[in-house]
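Data first, discussion second: the structure below is written as structure tokens.
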């Protein structure tokens, strides 16, 4: 089974203090280290020296272990209450600011460094923002600057032969977060 579960938190340390977990392990430059966000909430062999799982997360997945990525997402620190979240998320984002206000765009989570491409492509909905977030990854970068119908013909086809891609579910989730952040900044 191949699964990838990301859970966003305003501060992941709050949840990690509440649950028993083992940080995932990854190999970087031939050396083991703790994964930036991955944890196991089930028993897994542990490395007491590096304070993480004893097997890297890719090997662990092939052995049936299930990793969760607990991600810090500081945008959520701007949310005052569940009602505030619902109201901000329900509002229509100011899409045109994406190509009219470069300084404002630089503040946005996930897309702040892509002002020129935002100006070219002009995403104006959650589905288009999701596709945009996907095409800023190497595996779908060849779709940058193309018309939306062409982008949607292959952006979710699962082809990773050109490099890392986003799954549609991740991209839609991140697109909703961008929209939320846009609304919080106005």
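Nothing in this text is a laboratory measurement; each read-out follows from the coordinates by a stated rule. What you see is a predicted model; the values in this text were computed from it and never measured. Note that each Cβ is placed from the backbone with ideal geometry, even for glycine, and that neighbours are counted across all protein chains shown.
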How far is it, in nm, from the label point at residue 113 to the one at residue 87 when both lie 7 Å from their Cα along the line to the Cβ? 3.5
Given the options 87, 24, 53, state which has the largest fluctuation in a GNM of the chain using a 10 Å cut-off (strictly under) for Cα springs. 87
Name the most mobile residue of 67, 168, 17, meaning the one with the largest mean-square fluctuation, in a Gaussian network model of the chain with Cα contacts below 10 Å. 17
So the angle from the long Cα axis of helix 126-135 to the longest Cα principal axis of the chain, reported in degrees to the nearest 10, equals 60
To the nearest 500 deg cm²/dmol, what mean residue ellipticity at 222 nm is calculated for the chain from DSSP H runs of n ≥ 4 alone, each contributing -39,500 (n - 2.57), summed and divided by the residues? -10000 deg cm²/dmol
Find the Cα radius of gyration of the chain, compare it with 2.2 N^0.38 Å by division, and give the number to two decimals. 1.16
Considering only DSSP beta bridges where both residues belong to the chain, give the percentage that are antiparallel (nearest 5). 60
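To the nearest 0.05, what FRET efficiency results for residue 10 and residue 120 with a Förster distance of 45 Å applied to their C-beta separation?
On the way: r = 33 Å, r/R0 = 0.72.
That gives a FRET efficiency of 0.90.
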Could you line up 55, 19 from fewest to most neighbouring Cβ atoms inside 10 Å? 19, 55
Angle in degrees between helix 168-185 and the longest Cα principal axis of the chain, rounded to the nearest 10: 60
Is the C-alpha gyration tensor of the stretch 79-185 telling us rounded, prolate or oblate? Criteria: a/c under 1.5 is rounded; beyond that, a/b larger than b/c is prolate, otherwise oblate. prolate
Wrap a convex hull around the Cα atoms of the stretch 5-72, take a quarter of its surface area, and give that in square nanometres. 4.6
